[in-house]
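Here's the structure, in structure tokens; my notes come after.
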Amino acid sequence: MGRFGIAIRFAALAVVWGASFLFIKVGLTGLSPAQVALSRVCLGALALIAIAAWRRKPLPRDPALWGHLAVVSVLLCVIPFLLFSWAEQYISSGLASIFNATTPLITMLIAAAALPSERFTKARTTGLVLGFLGVLTIVGVWQGIDVSHELTAQLACLGATTCYGISFVYVRRFISWRNLDAPTIALGQVCCGAVVMLVLAPFIATTPVRLDTPIVLSMIALGALGTGLAYAWNASIIAAWGASNASAVTYLTPVVGVLLGVLVLDEPLAWNQPVGALLVVLGILAAHGRLSPRKKVGEPVPV
């Protein structure tokens with residue numbers, strides 16, 4: 001694929017991942033949080049199975065590998081999808097997308113604690129400080145801490161990004177050295193997540209369902225595109241541009257998420273939210289050396 005085609009995929013990836021929070025919000029008008037997460041992971045699994053069938057590449061047969069993929073699926077799909085869906089009952093889709101952008105910084109913090117090769121540097125420390133200040137700004141700590149559903153929802157978003165961070169470190173430690181391609185890893189993760197959600201569904205996804213065209217289309221877009229095809233796009237972008245350049249999607253997804261929330265859902269936007277988001281993005285840039293001549297390899301943000 002040529003440069004133009006990769007650029008198109010990059011733009012599409014930013015839009016689809018940024019719009020995921022809008023799709024969750026629309027889905028919640030007729031589905032419970034658990035039903036949104038179930039629809040998302042199952043439709044994503046079907047999309048990735050279709051891609052695997054088209055690629056005709058055999059799946060790994062190592063039982064230990066599938067055990068590791070099952071662990072990652074809980075950390076990367078099941079828990080975060082449930083937490084983000086629950087949180088968006090109480091906060092805007094734009095705010096959820098902003099919190100999602102903290103993933104690279106939280107990943108860096110967890111990696112520094114778990115991996116000897118990922119020790120803190122001056123750049124990483126600066127990035128984490130900026131990111132922490134950004135989160136405090138988004139929350140608006142000067143207004144006082146009011147223990148409410150809104151605060152709990154924001155903490156749930158941070159819990160989701162923490163799961164993402166743990167999953168990335170787990171993948172580096174137990175899966176990356178096996179030299180599997182990204183689509184195969186994504187297929188294993190999402191399919192295992194779908195199995196887990198299907199097992200849990202009779203217990204957590206039993207409320208009445210109301211479907212209409214916007215809800216159905218949002219779930220298809222969230223699952224088949226945002227959780228399925230987008231993984232394949234991301235793999236091709238990394239192969240063409242490298243992980244560092246591909247991770248620039250991190251800076252665009254919250255912008256897309258906030259804009260769609262304001263324009264499509266007429267969500268309010270307090271001044272501290274974009275300011276905090278800017279601090280988070282600056283923290284990511286600083287942590288990965290992009291504010292200095294030396295660059296570090298980044299990690300794309302999942303949604």
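For the peptides 224-235, 268-279, 127-138, the ranking by packing is 224-235, 127-138, 268-279, with the highest mean count of neighbouring Cβ atoms within 10 Å listed first. Highest mean first, the peptides 79-86, 204-211, 7-14 sorted by other C-beta atoms within 10 Å per residue fall in the order 79-86, 7-14, 204-211.
Spatially, region 125-182 and region 92-118 are offset by 4 Å when compared through their Cα centroids. Per residue, the chain reaches -23000 deg cm²/dmol at 222 nm when only DSSP H runs of four or more residues are counted, each adding -39500 (n - 2.57).
The separation of region 18-35 from region 216-233, counted between C-alpha centres, amounts to 13 Å.
State whether region 211-289 is rounded, prolate or oblate according to the following rule on the C-alpha gyration tensor (a ≥ b ≥ c being the square roots of its eigenvalues): a/c under 1.5 gives rounded; otherwise a/b larger than b/c gives prolate, and the remaining case gives oblate. Oblate shape, in that a/c is at least 1.5 and b/c is the bigger or equal ratio. Heavy-atom accessible surface of region 77-118, averaged per residue, reaches 26 Å², computed with a 1.4 Å probe. Accessible surface computed residue by residue for region 2-76, with neighbouring protein chains in place and a 1.4 Å probe, gives 46 Å² per residue.
As a fraction of the 1.4 Å probe accessible area of the chain, surface on carbon and sulfur atoms comes out at 70 percent.
The values are calculated or read from the model by the stated rules, or taken from the named source; none is laboratory data. Only a predicted model underlies this, so the values are computations on that prediction, with no experimental measurement involved. Glycine gets a Cβ as well: all are built from the backbone with ideal geometry, and neighbour counts include every protein chain shown. The area values use the complete protein model at the heavy-atom level, side chains included, leaving out ligands, DNA and RNA. Shrake-Rupley method; radii C 1.70, N 1.55, O 1.52, S 1.80 Å.
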